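Since the structure comes first, as C-alpha cells, the remarks are kept for the end.
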Amino acid sequence: MTEYNVRVSIIIPHWNGIDILSDCLISLFKSKHDSYEVIVVDNASTDGSQSWVKNKYPQVKLIENEKNYGYAGGCNLGALEAKGDFLVFLNNDTTQDPDWIQNLENFIKKDNMIAAVQPKVLNYFNKNIFDYAGGSGGHMDWFCFPYARGRIFSKQERDIGQYNDSKQCFWSSGTAFMVKKKLFFEAGKFDECFFSHMEEIDLCWRLQAMGFQIWVEPDAVVYHKNAFSMPMHSHKKYYLNHRNSLLMLFGNYSLKNTLVLGSGRILFELIAFGYSILNLNWKHSSAIIRSLLYFPFHINIILRKRNKFKKIRIQKDKDIMKNMLRNSIVINYYLKRMQVYSEIDSIDS
C-alpha cells in the first residue's frame, strides 16, 4: 500500500466489536494492491475501538463520529475524506481474498457504463455457501423485494461454481462493493434516511436511472460474518427491511407505478403481517405495522426523495424495470415453489 497517488479508498463503517474489526483489517492489509487507503468511520463506539485503531493501525485514516450515523451516514462521511477515484464500501465483519481489490478495479475499468461492481460474497463460517447479504449479485422484483444469486429469502445455496460468471445485476451488496467516486456523488450518495439496510439497493437504482450498469465479478471473493452488527430476527432489522423497501418503491418509481405497484406491495405487507401473527412472531408483526405507519407521518421525506430522483433520471421506469424480475419473487418462491434463477438469466440476456 502507498500513501500517495491513491486509486482506491476502502471505507469501513464501524460500531463496537474490536475483534471483528481486527479480523477484517488483518485480512485487508494482505490485499495484493499497490494503491489503496483504508478509512475507518467509527460511529461513536463505546468499547475503545477508536484508541485501538490509532495504536494498532496508525496508517488507517480514522473518522470519529459523535453519534451513530448508521451505515449510510458513516459511509457518506468516509467518502468525503476519500482520495481515490474508486470507493470500496466494506463491512467490518468481513475477510477477503488477497486479490479481491485488484479484480474489482480491473473489472470496473472495462467499460465506462459500469458504475459499481461487487465481489462474490460467501459465508465466513461455511465458505461453501453463499452469504445472505449479496451472494453473487443482487436482484429485485417489481414490488421491491430483493434477493440474490445464491440466496432467496432465508434459503442459501451451496457454491459449486454455478454463479462464477460475471453478470449484470440490479444491486451490489453493501457488504463489499466498488463504485466510481464521481458517480457516487452525482447520484446523491447514500440516502441517510435509510440508516442501515437496502441503502445500497437504492443507490444502485439511482445509478441505473442515470444510465449506468451494476455488475458482479465473482473472481473477487469476500467472506461475511452475517448479522454481527444487528441480529437477523431483531425488531429493528425487520422494521428497517420493510420500511426501507417501501421507501424505495414510493420514492423511485414514476407516480403511476408507485400507485399500481405500491397497492400490490401493501397487500403483501398485510399478508406478511397476518402470517407473523399466526406464527406468534410479535417482533415481525409489530415491525410491519411500524413501517406502514411511518409513511403517513413522513410524506415530506417521500416528496423530497422523489424530487431528487427526478433530477438525476434519464432512464424511464420501463427501461430500469427490464433489469428486475417481472413478477413477484414472493409468489414464485412461497406459493408456486418455483425456481426463479432461470428467469433471472432470461431477464439478463
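The values are calculated or read from the model by the stated rules, or taken from the named source; none is laboratory data. None of the values given here were measured: they were computed from a predicted structure. Don't worry about glycine lacking a Cβ; one is built from the backbone with ideal geometry, like all the others, and counts go over all protein chains shown.
Can you tell me which of GLN168, GLN162, GLN118 is over 26 Å from TYR253 (Cα atoms) and polar (S, T, N, Q)? Spell out how you get there, then give the answer.
Working: GLN168 fails: over 26 Å from TYR253 (Cα atoms); GLN118 fails: over 26 Å from TYR253 (Cα atoms).
Being over 26 Å from TYR253 (Cα atoms) and polar (S, T, N, Q) holds for just one of GLN168, GLN162, GLN118, which is GLN162.
Please state which of the following conditions TYR163 fails to meet, knowing it meets all the rest: (1) in contact with a Lys or Arg (Cβ under 6 Å, 6 or more places away or on another chain); (2) part of a loop (DSSP other than H, G, I, E, B); (3) farther than 27 Å from LYS32 by Cβ.
(3)
In the stretch 38-49, is there at least one residue being touching a Lys or Arg at 6+ places or on another chain (Cβ under 6 Å) and polar (S, T, N, Q)? Before you say what the answer is, go through the steps one by one.
Just the residues of the stretch 38-49 that are touching a Lys or Arg at 6+ places or on another chain (Cβ under 6 Å), to begin with: 39, 44.
From what's left, polar (S, T, N, Q): none.
So far as the stretch 38-49 goes, no, none of its residues is touching a Lys or Arg at 6+ places or on another chain (Cβ under 6 Å) and polar (S, T, N, Q).
Take PHE190 and decide whether it is part of a loop (DSSP other than H, G, I, E, B), surrounded by 23 or more Cβ atoms within 10 Å (Cβ to Cβ) and either assigned by TED's automatic domain parsing to the domain that holds ASN307 or touching a residue at least 60 places away in the same chain (Cβ under 8 Å) (or both).
On the way: part of a loop (DSSP other than H, G, I, E, B): yes; surrounded by 23 or more Cβ atoms within 10 Å (Cβ to Cβ): yes; either assigned by TED's automatic domain parsing to the domain that holds ASN307 or touching a residue at least 60 places away in the same chain (Cβ under 8 Å) (or both): yes.
The answer is yes for PHE190.
What number of residues within the stretch 172-187 are among the small types (Gly, Ala, Ser), in a loop (DSSP other than H, G, I, E, B) and touching a residue at least 60 places away in the same chain (Cβ under 8 Å)?
Residues of the stretch 172-187 among the small types (Gly, Ala, Ser): 172-174, 176, 187.
From what's left, in a loop (DSSP other than H, G, I, E, B): 172-174, 187.
So of that shortlist, the ones also touching a residue at least 60 places away in the same chain (Cβ under 8 Å) come out as 174, 187.
The qualifying residues number 2.
Within the stretch 34-89, how many residues are farther than 26 Å from PHE107 by Cβ and either touching a strand residue (DSSP E or B) at 6+ places or on another chain (Cβ under 6 Å) or in contact (Cβ under 8 Å) with a residue 24 or more places away in the chain (or both)? Show your work before the answer.
Going residue by residue through the stretch 34-89, those that are farther than 26 Å from PHE107 by Cβ are 42-59, 62-70, 73, 77.
Still in the list and also either touching a strand residue (DSSP E or B) at 6+ places or on another chain (Cβ under 6 Å) or in contact (Cβ under 8 Å) with a residue 24 or more places away in the chain (or both): 42-50, 52-53, 56-57, 59, 62-65, 67-70, 73, 77.
The qualifying residues number 24.
Restricting to the stretch 142-181, and then to whatever is surrounded by 24 or more Cβ atoms within 10 Å (Cβ to Cβ) and small (Gly, Ala, Ser), can you tell me which residue is farthest from VAL260 (Cα to Cα)?
ALA176
Would it be correct to say that ASP141 is more than 12 Å from the chain's Cα centre (by Cα) and among the acidic types (Asp, Glu)?
Yes, satisfied.
Conditions first: (1) over 21 Å from THR258 (Cβ atoms); (2) in contact (Cβ under 8 Å) with a residue 24 or more places away in the chain. ARG206 passes all but one, so which condition is the exception?
With (1) over 21 Å from THR258 (Cβ atoms); (2) in contact (Cβ under 8 Å) with a residue 24 or more places away in the chain applied to ARG206, the lone miss is (1).
Given the residues ILE11, ILE26, which is the only one that is of a type outside the set (D, E, K, R) and touching a Phe, Trp or Tyr at 6+ places or on another chain (Cβ under 7 Å)? It would help to see each step written out before you state the result.
On the way: ILE26 fails: touching a Phe, Trp or Tyr at 6+ places or on another chain (Cβ under 7 Å).
After applying the criteria, what remains is ILE11.
Exactly one of these conditions fails for HIS139: (1) part of a strand (DSSP E or B); (2) surrounded by fewer than 17 Cβ atoms within 10 Å (Cβ to Cβ); (3) of a type outside the set (Asp, Glu). Give me its number.
In the conditions (1) part of a strand (DSSP E or B); (2) surrounded by fewer than 17 Cβ atoms within 10 Å (Cβ to Cβ); (3) of a type outside the set (Asp, Glu), HIS139 misses (2) alone.
Within the stretch 310-346, can you find the residues that are at pLDDT 60 or above and hydrophobic (A, V, I, L, M, F, W, C)? Steps first, answer last, please.
First, the residues of the stretch 310-346 that are at pLDDT 60 or above: 310-336.
Matches in the stretch 310-346: ILE312, ILE314, ILE320, MET321, MET324, LEU325, ILE329, VAL330, ILE331, LEU335.
Give the residues of the stretch 239-280 that are within 21 Å of ILE331 (Cα to Cα) and either not assigned by TED's automatic domain parsing to the domain that holds ARG306 or not in a helix (DSSP H, G or I) (or both), sorted by residue number.
Hit for the stretch 239-280 is ASN279, nothing else.
Could you go through the stretch 2-11 and let me know if any residue there is hydroxyl-bearing (Ser, Thr, Tyr) and free of Cβ contacts under 8 Å to residues at least 60 places away in the same chain. Working first, answer last.
So the first thing to find is which residues in the stretch 2-11 are hydroxyl-bearing (Ser, Thr, Tyr), and the list is 2, 4, 9.
Remaining after also requiring free of Cβ contacts under 8 Å to residues at least 60 places away in the same chain: 2, 4.
Within the stretch 2-11, one or more residues are hydroxyl-bearing (Ser, Thr, Tyr) and free of Cβ contacts under 8 Å to residues at least 60 places away in the same chain.
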